[in-house]
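> Following this message is one structure expressed as structure tokens.
The values are calculated or read from the model by the stated rules, or taken from the named source; none is laboratory data. Small disclaimer: the values here were computed from a predicted structure and weren't measured. Using ideal geometry, Cβ is built from the backbone for each residue, glycine included, and neighbour counts are taken over all protein chains shown. All accessible areas refer to the heavy atoms of the entire protein, side chains included, with ligands and DNA or RNA removed. Shrake-Rupley method; radii C 1.70, N 1.55, O 1.52, S 1.80 Å.
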Amino acid sequence: MARPDPHSYLDPDQPRVQALDLALDVDFARHVLSGRVTLDLGAPAAGALDLDTKGLVVHAVTAAGGAAVPFVLGDEEPILGRRLRLDLPGGTRRVAIEYDTAPDALALQWLAPEQTEGKRHPFLFSQCQSIHARSLLPCQDSPTVRTPYHAEVTIPDALAAVMSAGPAGDRAGPRPGTRTWLFEMPQPIPSYLVALAVGDLASRDLSARSRVWAEPGTVEAAAYEFGGVEEMIVTAERLFGPYPWDRYDLLVLPPSFPYGGMENPRMTFLTPTVLAGDRSLVDVVAHELAHSWTGNLVTNATMEHFWLNEGFTVWAERRIVEALHGPDALALAWSIGQQALDGSVARFGAESPLTRLRTEMAGVDPDEAFSSIPYEKGARFVVALERAAGREAFDRFVRAYIARFRFTSITTEQFLAFLDGELPGLADRVGARRWLYDVGMPADAPVFRSDALEALTALAEGFAAGTRPTPAQAAAWSPSELLVYLQHLPRQLDHGACAALDAALALSGRGNHEILVEWLTIAAGSDYEPVFPRVREVLTRVGRMKYLRPLYTALGRHQRTRQLARDVYAAARPGYHVLSRRVVESVMESYDGA
Ligand SMILES: [Zn+2]
């Protein structure tokens, strides 16, 4: 029958894996994980079992008792990788696969000691979303399949390991100088949420159920930055119900991590660029925490329904922000999101099928399709529903939705059917099918305003006419207000204006990367030479795609900055994650036509 997930070889007529048992040996010298995964099918099975793999070397497949199981690795398909077809003898319930990962596995980034903060030890981290788990282990790599897992990870004994799972102790490893760390994830999760990091890590408790991990040189700063996390969890519980994953721990990664955060259950992975020193960027934590309900608990069935995951999570994140910081902070957050949304729609074009919420993704690489659209258009759709239903009724609906679909992975159409049952007529009143199936933004999309937001944008829009904030005004701005002001300035300024702006607002010295990168994007795009060293420094250190795309794009505007971009990229490339490299290379390809 037709495959239900265009990004997986999963065959719904075959048995579904019910549990994973993973043993990994981490080889920093070869950049290889030598692994054995045991798949538990829950009941005796026979015949074909198709798994996803990418770059894996399969050594042996055995059934209980050690009997060899025949297997065939199919041809490499550019997006999907290679199908691993096992031919299970009758009565097989558990099957074990011994394998090695490839040194260039897409899920894994191996950092040399000099690429870490401490410079003394290597570091490894995984990033499996959307379809990279198959380069870490053979699996049914579709979010429709959810399994608990148990893992044993052998690492050099000077290092520590964390996973998207609860810690279950450690013991001496199989070789001198090694230690084996045990993990238990009792709740069923999709493969894209399997996560591992290994490095020189220290931890600090933030509350009875929350701890932050980071390199020793960063852990104190991280403990300060995330000091409010328990209040955030309590706020989220008030909105969405009891926290369902026992612990909520955080891991701060080295700066090459390509995303802002990744919602790996029990262990959110975070970029160190959120360590602004003033807790001004912890909204990223609100987002990853919100995924504990909208995303990890109720997951999209395939990437064609990704908005269900990210749109609901942005909506939930902003409800947390509103509860913690009030309506003005909320209006700023929506305004910042609008900038991201406009940028993504402009990148694809308003008529692009990728501006739909419910997408068709056969033959489309999810990494190429990644944008703010499922996040910000999706969240605006959820707000449209919320406003039409009324907040009280909608909050009841959201709790019922989470209760009904917890620990499952669903489609847009299942969501619509549930919505029609719970709140009859609401979908039609807000034009839900237009939101989901049409390109671009509906004309009646929700608008978010506040007096403070309007005053700020008016001030920025008057820049060309000579309007400037007074020093007292600017000094009173929160980091989000300053960011919104910068976002509404013209993209190209004369060099006198650049110098005056930097002098008045001390922009080039900012540690808040949202502000710093917005400023550098304007200044570099204006060919303003005094910021070039700072641009070089940021691009060499930070691999977060959210910052690389606008900065390298801005550098494309002038001959001199194009050369700067090429020089910087040549030096920075070895430190970038492969996903970040792809983004930069696609941006720089457009230089040649410029
Ligand atoms: Zn998210």
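> Can you tell me which residue among 324, 341 is closer than 23 Å to residue 515 by Cβ and surrounded by fewer than 19 Cβ atoms within 10 Å (Cβ to Cβ)?
Answer to the check: 324.
> Filtering the stretch 242-252 down to residues that are more than 24 Å from residue 395 (Cβ to Cβ) and assigned to a loop (DSSP other than H, G, I, E, B), which residue is least open to solvent (accessible area, probe 1.4 Å)?
Here the residue is 247.
> Considering only residues that are over 18 Å from residue 227 (Cβ atoms), assigned to a strand (DSSP E or B) and either β-branched (Val, Ile, Thr) or under 12 Å from the mean Cα position of the chain (by Cα) (or both), which ones fall in the stretch 263-285?
269
> Evaluate the stretch 230-248: report whether one residue or more is away from the ligand (no atom under 16 Å from the Cβ) and within 30 Å of residue 537 (Cβ to Cβ).
no
> Let me ask something else about it. Residue under question is residue 187, and the condition is that it be in contact with a strand residue (DSSP E or B) (Cβ under 7 Å, 6 or more places away or on another chain) and either buried (at least 24 other Cβ atoms within 10 Å of the Cβ) or β-branched (Val, Ile, Thr) (or both); does it hold?
No; evaluated as a whole, the condition is false for this residue.
> Answer yes or no as to whether residue 317 is of a type in the set (D, E, K, R), within 16 Å of the ligand (Cβ to nearest atom) and open to solvent by 10 Å² or more (accessible area, probe 1.4 Å).
Here the answer is yes, as residue 317 does meet what is asked.
> If you don't mind, there's one more thing I want to ask. Would you check which residues across the stretch 257-266 are open to solvent by less than 10 Å² (accessible area, probe 1.4 Å) and either at pLDDT below 95 or closer than 21 Å to residue 123 by Cβ (or both) and list them?
257, 258, 262, 263, 264
> Does residue 449 satisfy the condition of being in a loop (DSSP other than H, G, I, E, B), touching a residue at least 40 places away in the same chain (Cβ under 8 Å) and exposed (fewer than 15 other Cβ atoms within 10 Å of the Cβ)?
The answer is yes for residue 449.
> Still on this structure, I have one more. I need a count of the residues in the stretch 421-451 that are β-branched (Val, Ile, Thr) and within 23 Å of residue 411 (Cβ to Cβ).
2
> Of all residues in the stretch 278-294, how many are at pLDDT 95 or above, over 17 Å from residue 341 (Cα atoms) and either within 10 Å of the ligand (Cβ to nearest atom) or open to solvent by 10 Å² or more (accessible area, probe 1.4 Å) (or both)?
Total meeting the criteria: 4.
> Of a type in the set (A, V, I, L, M) and within 14 Å of the ligand (Cβ to nearest atom) - does that describe any residue in the stretch 331-343?
Yes: one or more hits.
> In the stretch 199-208, is there at least one residue being part of a strand (DSSP E or B), acidic (Asp, Glu) and surrounded by fewer than 22 Cβ atoms within 10 Å (Cβ to Cβ)?
Yes, the stretch 199-208 has at least one match.
> For the stretch 401-413, how many residues meet the condition of being in a helix (DSSP H, G or I) and buried (at least 17 other Cβ atoms within 10 Å of the Cβ)?
Let us first name the residues in the stretch 401-413 that are in a helix (DSSP H, G or I), namely 401-405, 412-413.
When the remaining residues are screened for being buried (at least 17 other Cβ atoms within 10 Å of the Cβ), the result is 401-402, 405, 412.
Final tally of qualifying residues: 4.
> Could you pull out the residue among 586, 590, 526 that is surrounded by fewer than 22 Cβ atoms within 10 Å (Cβ to Cβ) and under 22 Å from residue 498 (Cβ atoms)?
Going through 586, 590, 526 in turn, the sole match is 526.
> Can you confirm whether residue 239 is assigned to a helix (DSSP H, G or I) and in contact (Cβ under 8 Å) with a residue 12 or more places away in the chain?
yes
> Moving on to the next point. Residues to consider are 356, 399; find the one that is away from the ligand (no atom under 16 Å from the Cβ), under 13 Å from residue 311 (Cβ atoms) and touching a residue at least 60 places away in the same chain (Cβ under 8 Å).
Criteria check complete, one pass: 356.
> Return the residues of the stretch 489-523 that are open to solvent by 50 Å² or more (accessible area, probe 1.4 Å) and over 21 Å from residue 462 (Cα atoms); say none if nothing qualifies.
Correct list: 509, 510.
> Helices (runs of 4 or more DSSP H) wholly in the stretch 525-594 with at least 1 residues that are more than 28 Å from the chain's Cα centre (by Cα) and farther than 24 Å from residue 105 by Cα - which ones?
Qualifying helices (runs of 4 or more DSSP H): 532-541, 559-572, 578-592.
> Additional query: Restricting to the stretch 550-573, name every residue that is touching a residue at least 60 places away in the same chain (Cβ under 8 Å) and open to solvent by 80 Å² or more (accessible area, probe 1.4 Å).
Correct list: 557 only.
> Right, something else. Looking at (1) within 12 Å of the ligand (Cβ to nearest atom); (2) buried (at least 22 other Cβ atoms within 10 Å of the Cβ), which is the only condition residue 271 fails?
Here residue 271 meets the rest and fails (1).
> Collect the residues in the stretch 138-191 that are basic (Lys, Arg), touching a residue at least 24 places away in the same chain (Cβ under 8 Å) and more than 15 Å from residue 26 (Cα to Cα), keeping them in residue-number order.
Selection gives 146 alone.
> Give the residue that is farthest from the ligand (Cβ to nearest atom), with candidates limited to residues of the stretch 299-313 that are hydrophobic (A, V, I, L, M, F, W, C) and buried (at least 24 other Cβ atoms within 10 Å of the Cβ). Don't jump to the end; show me each part of the working.
In the first step, residues of the stretch 299-313 are kept if they are hydrophobic (A, V, I, L, M, F, W, C); the result is 301, 303, 306-308, 312.
Filter again for buried (at least 24 other Cβ atoms within 10 Å of the Cβ), leaving 303, 306-308, 312.
On the way: 303: 13, 306: 10, 307: 11, 308: 12, 312: 10 Å.
Looking at residues that are hydrophobic (A, V, I, L, M, F, W, C) and buried (at least 24 other Cβ atoms within 10 Å of the Cβ), I get 303.
> Look through the stretch 362-378, keep the residues that are more than 19 Å from residue 294 (Cβ to Cβ) and of a type in the set (A, V, I, L, M, F, W, C), and return whichever of them is surrounded by the fewest Cβ atoms within 10 Å (Cβ to Cβ).
Applying the filter and picking the extreme gives 362.
> Residues to consider are 256, 335, 292, 344; find the one that is of a type in the set (S, T, N, Q) and without any contact (Cβ under 8 Å) to a residue 40 or more places away in the chain.
344
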